[in-house]
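Inspection log for the structure reproduced underneath, given as structure tokens.
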Amino acid sequence: MRRDLPALIGTLILALLLAATVAAPFVAADPETMNLAAIHAPPSLSHPLGTDELGRDVAARLLHGGRVSLAVALATALLAAFLGTAIGLLAGYHGGRLDALLMRLTDGVMALPLLPLLIVLAALDPAKLGIGPEAQSTEAFTIGRMVVIIALVGWTGAARLVRAQTMTVKARDYVRAATALGATPARIMLRHILPNVASPMVVAATLSVGNIILVESALSFLGLGVQPPMASWGNMLTGAMNVIWSAPLQALWPGLAIFVTVLAFNLAGDGLQRRLDPRKV
Amino acid sequence: MSIWLLGRLAQAVMVLAVMSVVVHGLMGLMPGDPIDLMIASDPNLTPADAIRLKTLYGLDQPWGQRYLAWAAQVIQGELGYSRLFAQPVLAVIGPALLNSLTLMLAALVLSLLLAVPLGMVAAQRPGSLIDHAINASAFASASLPTFWLGLMLMLVFAVSLGWLPAGGMQSLGGDGGGLIDGLRHMALPVATLAIAGLGQYARHTRAAMLAEAGQDYIRTARAKGCGPVRIALKHQWRNALLPLITLLGLEFGSLFSGALITETVFGWPGMGKLIADAVMGNDFNLALSALMLATAMTLAGSLLADMAMARLDPRISLR
């Protein structure tokens, strides 16, 4: 029990965060309402954490930013896990040429300097990809763009994990029995192998969420992720950096939110690993 | 060994070639091209001028042709001209490379000097209070967003206390340029990077030390009367180094590609900031060359790590 305490705390923090961000539109002020008469207001009853350089409520922006960050991170982790699982299953099950090709691809992507590559991907012009200006301005596009970009470089770990697991499971008797009974490769992969690679995948995916939040906030911080006026923890820090001499405390809250969230995901993931995969500890 | 090396080198060249195609293609998908930017900044440019310039730079050609032309030039060592800095690409990359190397090396050394002893101490008594404390701080350091850590250090040491400069490489005016001035400017970015890397190295050191703790040779050493400190330093540590070398090999590339975020926060003119500026400023030649260099160095790092492993551990044979 004592060993599970950090994981318990992590899970608890996550539950609270999730509840707070889900409830954000009902409890918090509007995050984009500006009030130039109350710039950098100190904390008060109506603005629990004060206001920012445009007089917007910092607490509301934190909560709404959290919605965006968490939505992006969870969706990215799912997409990356999906891509990685598909590639890992195919490579591990079929072996041979396909395996060699897919694994060289994985090694290649792993060898790339990630952040510079992400910056290039984030700086692409959606118009040149055939996405009209109207579709570009929607919230779904902003979030979807980040999800796709990060998942495109983030699937490699999952692919390696699933491939290794698939190769051990493939030799088990029940898989050979299924083959003998005439099951198709697709059925074997989905019905017999997938359930057996699921638990390490869940662990890896949970542990990846923290990293994804760090990457997303870094991109937003650089001005390439979630675009203002929409709030995200990363772009709140960009604003805070510009006013660091006049309103130093602005930089505290968004970073603290990122730190606590990432820490919570890492603790929960670590605990999950102990539970589901005790050999690896 | 040499056949293995040739294979790996060929593979690295392949990855580089594929990467160059991908990055070149992606850069073409970024908003505007250099001439569009010129038109926007110079009202005297007539449409006829623009068309002439596009022909001159080959921008009217299809993408495949442009890639081949660019690749042919690069192979001949001609990296082109940086639009953003109005200098040849090599002249821009040189100093940035040196700045990144200084920063990253200092941070890596500092980080290792702190993390390795911490990891060793933690591995001495797994499950003890000190192990838990070290583990917890390692977890915390791995969860810190570097740009926020940088901002917080800046807030405390530059804004509130005023002890250290908030950014740049040297002071402007009379007191700039000296060694002390340079070190003062390095302090905050180096501290940021060192703290950010600390957790990872400490955790890996601990794991590597623990993996050796149960080995027979440790029991032998203990049986012949070796003290715990001597065992840890003389026996355990030498073997625990091996997995750490792999980790360092992965870090090797970042010595040259710099720390994009930390450099941006502190205005440190290294490779990371250069890549970010070049990509965002649509400086095609510079961004491509810098990215390719970063990729090449990352590949070289993992190759060097594998070679070092094979050299140091006779149990590993290279195919």
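Read-outs: derived from the displayed coordinates by stated rules, not from any lab. For clarity, every value in this text was computed on a predicted model and none was experimentally measured. Here the Cβ is made from the backbone with ideal geometry for all residues, glycine too, and neighbour counts use every protein chain on show.
If the Kirkwood radius is taken over C-alpha pairs of chain B, then at 25 °C and 0.890 mPa s the Stokes-Einstein diffusion coefficient equals 107 µm²/s.
Taking Lys and Arg as +1 and Asp and Glu as -1, the other residues whose beta-carbon sits under 14 Å from that of B:P95 total -1.
In vacuum, with every alpha carbon of chain A counted as one equal point scatterer, what does the Debye formula give for log10 I(q)/I(0) at q = 0.08, 0.15 Å⁻¹? Two decimals, please. Here log10 of I(q) over I(0) equals -0.42, -1.15. Here region B:261-319 is described by how far its Cα atoms reach on the three principal axes: 49, 25, 11 Å, from widest to narrowest.
Give me the inter-chain shielding for A:152-161: mean count of other chain Cβ atoms within 10 Å, whole number please. The per-residue average across the peptide is 0. The fewest-to-most ranking of A:I119, B:I180, B:I218, B:I130 by surrounding Cβ atoms within 10 Å reads B:I180, B:I130, B:I218, A:I119. With the convex hull of the Cα atoms taken as the outline of region B:63-181, the averaged projected area works out to 13.5 nm². Relative contact order, whole percent, for chain B stands at 25, derived from Cα pairs under 8 Å and 6 or more residues apart. Rounded to the nearest 20 debye, the dipole size of the protein assembly as shown about its Cα centre is 2940 debye, using +1 on the Cβ of Lys and Arg and -1 on the Cβ of Asp and Glu. Across the alpha-carbon atoms of region A:224-281, the computed radius of gyration and Dmax are 16.7, 52 angstrom.
Considering only B:A202, B:A96, B:A48, the mean-square fluctuation computed in a Gaussian network model of chain B, springs between alpha carbons under 10 angstrom, is largest for B:A48.
Can you work out D for region B:204-319 in µm² s⁻¹ from Stokes-Einstein, where Rh is the Kirkwood radius over C-alpha pairs, the temperature is 4 °C and the viscosity is 1.567 mPa s? For these conditions, the coefficient is 76 µm²/s.
Computed log10 I(q)/I(0) for region A:100-202 at 0.13 Å⁻¹: -0.69, from the Debye equation with unit scatterers placed on every C-alpha and solvent omitted. The base-10 log of I(q)/I(0) for region A:184-281, evaluated at q = 0.11 Å⁻¹, reads -0.50 [Debye formula, identical scatterers on Cα atoms, solvent excluded].
The relative contact order of region B:92-249, computed from alpha carbon pairs under 8 Å that lie at least 6 residues apart in sequence, is 31 percent. Counted as membrane-span-like here are DSSP H helices of chain B whose alpha-carbon atoms extend 20 Å or more along the helix's own axis and whose Kyte-Doolittle mean is 0.5 or above; these are B:2-28, B:89-124, B:129-143, B:179-213, B:237-257, B:284-312. Here is how the number arises for chain B: DSSP H runs of 4 or more residues each give -39500 (n - 2.57), the sum is divided by the residue count, and the result at 222 nm is -24000 deg cm²/dmol. Sorting B:219-225, A:191-197, B:250-256 by their mean Cβ neighbour count within 10 Å, with the most densely packed peptide first, gives B:250-256, A:191-197, B:219-225. Note on A:244-255: average number of Cβ atoms from other chains within 10 Å of each residue's Cβ is 4. Kirkwood hydrodynamic radius of region A:75-136, from the reciprocal of the average inverse Cα-Cα distance over all distinct pairs: 14.1 Å.
Angle check, please: helix A:139-154 long axis (alpha carbons) against the longest principal axis of chain A (alpha carbons), in degrees 0 to 90, nearest 10. Between the helix axis and the principal axis of chain A, the angle is about 40 degrees. Hey, could you get me the Stokes-Einstein D for region A:155-228, Kirkwood radius over alpha-carbon pairs, 20 °C and 1.002 mPa s, rounded to whole µm² s⁻¹? Answer from the Stokes-Einstein relation: 147 µm²/s.
Gap in Å between the Cα centre of region B:223-240 and the Cα centre of region B:85-111? One Cα centre to the other: 39 Å. Loop-resident trypsin sites (Lys or Arg not before Pro) (DSSP state other than H, G, I, E or B) in region B:121-218 with no more than 10 further Cβ atoms inside 10 Å of their Cβ are absent. For the segment B:62-70, counting C-beta atoms of other chains within 10 Å of every residue's C-beta and taking the mean gives 0. Distance between the pseudo-spin-label points of B:L312 and A:D125 (7 Å out from Cα toward the beta carbon): 4.9 nm.
Dividing the Cα radius of gyration of region B:143-283 by its Kirkwood radius returns 1.15 for Rg/Rh.
Fewest-first ordering of A:R163, B:R8 by other beta carbons within 10 Å of each residue's beta carbon gives B:R8, A:R163. Seen from every direction in turn and averaged, the convex hull around the alpha carbons of the protein assembly as shown projects onto 34.4 nm².
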